[in-house]
Amino acid sequence: MTTIVVLFNLKADADESAYQAWAKQTDIPTAGGLPSVDVFEVLKTEGLLMSEDKPPYQYVEILKVNDMEQFGKDVSSDTMQKVAAEFQHFADNPLFIMTSAL
């Protein structure tokens, strides 16, 4: 199992309520419904534990992928290419981190 963590901020000109509506109506059901994805969550950061500092990222996505080969096929679909392009309109230089459990 591979977990992909995506850290990102919205672009300066992105409408946060439009992004959140799109995430709930399009991104979460589409990416979360892929055969290769067991879990897909979008989280809004609220703060840093025991700190008054602002978190470096506004949003975190967590994808638990059960098959990376299938994931590659899944994200190549026309539907996911459209979703990815829409995501790029909102997200400012997202950071995609591949992880595995110890």
(Q) Just to check your reading of the model, which residue among Ser51, Ser36 is open to solvent by 40 Å² or more (accessible area, probe 1.4 Å) and either hydroxyl-bearing (Ser, Thr, Tyr) or touching a Phe, Trp or Tyr at 6+ places or on another chain (Cβ under 6 Å) (or both)? (A) Ser51
Q: Answer yes or no: is there a residue in segment 6-17 that is open to solvent by 20 Å² or more (accessible area, probe 1.4 Å), assigned to a helix (DSSP H, G or I) and either within 16 Å of His89 (Cα to Cα) or touching a Phe, Trp or Tyr at 6+ places or on another chain (Cβ under 9 Å) (or both).
A: yes
**Q.** In segment 85-102, residue least open to solvent (accessible area, probe 1.4 Å) [restricted to those that are out of contact with any helix residue (DSSP H, G or I) (no Cβ under 7 Å at 6 or more places or on another chain) and in a helix (DSSP H, G or I)]
**A.** Ala85
Q | Matching residues in segment 54-71 - criterion: being open to solvent by 90 Å² or more (accessible area, probe 1.4 Å) and closer than 24 Å to Pro35 by Cα | A | Glu69
**Q.** Residues (of a type in the set (Ser, Thr, Tyr) and either over 16 Å from the mean Cα position of the chain (by Cα) or closer than 22 Å to Ala85 by Cβ (or both)) located in segment 17-71
**A.** Ser17, Tyr19, Thr26, Thr30, Ser36, Ser51, Tyr57, Tyr59
Q.
If I filter segment 39-48 down to residues being in a strand (DSSP E or B) and out of contact with any Phe, Trp or Tyr (no Cβ under 9 Å at 6 or more places or on another chain), which single residue comes out as most open to solvent (accessible area, probe 1.4 Å)?
A. Glu41
(Q) List the residue pairs whose Cβ atoms are under 9 Å apart, where the first residue sits in segment 1-26 and is of a type in the set (Gly, Ala, Ser), the second is open to solvent by 60 Å² or more (accessible area, probe 1.4 Å) and in a strand (DSSP E or B), and the two are 6 or more positions apart or on different chains. (A) Ala12/Asp92; Ala14/Asp92
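The values are calculated or read from the model by the stated rules, or taken from the named source; none is laboratory data. As the structure is a computational prediction, the values presented were derived from the model and not from experiment. Cβ: placed from backbone, ideal geometry, glycine included. Neighbour counts: every protein chain shown. Heavy atoms of the whole protein, side chains included, go into the accessibility calculation; ligands, DNA and RNA do not. Shrake-Rupley method; radii C 1.70, N 1.55, O 1.52, S 1.80 Å.
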